[in-house]
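Taking it in order: structure first as C-alpha cells, then the write-up.
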Amino acid sequence: MSLVIAKGLTKTYRSGDVEVQAVNGADFSIEAASFVAFVGPSGSGKSTLLNLIGCLDHPSSGTLTVLDSDIATLDRRAAAQFRGRNIGFIFQDFNLVPVLTAYENIEYPLIMVQQWPAPRRREQVMRLLRAVGMEAQADKRPDQLSGGQKQRVAVARALVSNARLVLADEPTANLDHDTAYRIIDLMKKMRDEFGTTFVFSTHDTKIMSEAEVTYTLEDGHVVSTTDKREAAHA
C-alpha cells in the first residue's frame, strides 16, 4: 500500500525576479511501514520534498497524494489538522522546548493538536517513554540530557499521536557515530512495533546503508532509485 504518491511534482520559489526550481518533475512512491531516504547534494531538493510531504508547503504543479489526501487541495488550517493527525517530525537540532521536561515535550502535541484527555495522555506518553528507553529521564529538561537522549525524546514525540508517517530531516547529523546507530536502530524498532513509515532527508551514510529504499536527487529530479527489498527477492 502506497502512503505517498508523487507524479510530476514541482516546487518553484521566487526570490525577486529569480525563480528557483527546488523540485522539478519528481516521481516516487512510499509504501507503508518502510524506511526511505532522499539523498543528494545540498540544493538537490531533499528538504523541500519533506516539506511538501509534511504539508508545510504546497506543490507548484504535479500531484502529491499523502495518506489518500490530495495535498494541493488543503488550505493552511486543513493542512495543520492533517499534519497533527497523521505526521510526525524529527529534526537534526531536536527542536525540544527547553523549559519543558522530557515527559512534557512528548505530551505537547497531544495537548496542542490532539487535545486528548489527561488520563489518556499520560498512558500514551509513558508508553512512548518506555518504548524509547527514557522512562527514568521523564522529569529532566533538555539541558540535562545528552544528544542521544534528546533525539530519543524527539522520536517519542513524533510517534506520540500515533503518526503513520514520520519525516526526519538529518536526524543523526548532530550525533556521534555510536549514538547515531543507536537512534537508527531505535527508529527501526519503532517501525517494526508501530508500523510507522520513516522518511529521511540525509547526507549520512549510516542512514543510507540502513534505508530499504533510497531516492537519489539532482536538481530537483529523482535520478535513481535503489530498493533493497526488490534485490532481496530477486
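The values are calculated or read from the model by the stated rules, or taken from the named source; none is laboratory data. Note that this is a predicted model, so its numbers are computed, not measured. Note: ideal-geometry Cβ built from the backbone for every residue, glycine included; neighbour counts use all protein chains shown.
For region 198-207, state whether one or more residues are part of a helix (DSSP H, G or I), β-branched (V, I, T) and surrounded by fewer than 16 Cβ atoms within 10 Å (Cβ to Cβ).
yes
Looking at region 90-106, is at least one residue surrounded by 16 or more Cβ atoms within 10 Å (Cβ to Cβ), of a type in the set (D, E, K, R) and modelled with pLDDT under 95?
For region 90-106, residues surrounded by 16 or more Cβ atoms within 10 Å (Cβ to Cβ), of a type in the set (D, E, K, R) and modelled with pLDDT under 95: absent.
Which of the residues belonging to region 161-220 are in contact (Cβ under 8 Å) with a residue 40 or more places away in the chain and polar (S, T, N, Q)?
S161, T172, N174, T196, T197, S201, T202, T214, T216
Return only the number of the condition from (1) under 30 Å from E107 (Cβ atoms); (2) buried (at least 19 other Cβ atoms within 10 Å of the Cβ); (3) polar (S, T, N, Q) that S44 does not satisfy.
(1)
Would you be able to say whether some residue in region 62-77 is modelled with pLDDT of 95 or more, small (G, A, S), over 18 Å from the mean Cα position of the chain (by Cα) and over 19 Å from A211 (Cβ atoms)?
Within region 62-77 (the criterion being modelled with pLDDT of 95 or more, small (G, A, S), over 18 Å from the mean Cα position of the chain (by Cα) and over 19 Å from A211 (Cβ atoms)), the answer is yes, since at least one residue qualifies.
When region 101-117 is examined, which residues are found to be assigned to a helix (DSSP H, G or I), within 11 Å of L129 (Cβ to Cβ) and more than 20 Å from the chain's Cα centre (by Cα)?
Residue satisfying the conditions is Y103 alone.
Condition (residue is more than 18 Å from the chain's Cα centre (by Cα), touching a residue at least 40 places away in the same chain (Cβ under 8 Å) and farther than 22 Å from I183 by Cα) applied to region 128-143: is it met by at least one residue?
No: region 128-143 contains no residue that is more than 18 Å from the chain's Cα centre (by Cα), touching a residue at least 40 places away in the same chain (Cβ under 8 Å) and farther than 22 Å from I183 by Cα.
Since M187 meets every condition but one in (1) touching a Phe, Trp or Tyr at 6+ places or on another chain (Cβ under 6 Å); (2) more than 18 Å from E107 (Cβ to Cβ); (3) outside any helix (DSSP H, G or I), which condition does it not meet?
For M187, the exception is condition (3).
Taking the options N174, N162, name whichever one is in contact with a Gly (Cβ under 7 Å, 6 or more places away or on another chain), surrounded by fewer than 18 Cβ atoms within 10 Å (Cβ to Cβ), at pLDDT below 90 and under 28 Å from V99 (Cα atoms).
Exactly one residue qualifies, and that residue is N174.
Here's the yes/no breakdown for (1) closer than 14 Å to E107 by Cβ; (2) among the acidic types (D, E); (3) modelled with pLDDT of 95 or more:
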| position | (1), (2), (3) |
| --- | --- |
| M126 | yes, no, yes |
| A131 | no, no, no |
| M134 | yes, no, yes |
| L145 | no, no, yes |
| V153 | yes, no, yes |
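Take the residues in region 164-173 that are in contact with a helix residue (DSSP H, G or I) (Cβ under 6 Å, 6 or more places away or on another chain) and outside any strand (DSSP E or B), then tell me which one is nearest to D57 (Cα to Cα).
Ranking the qualifying residues of region 164-173, first place goes to R164.
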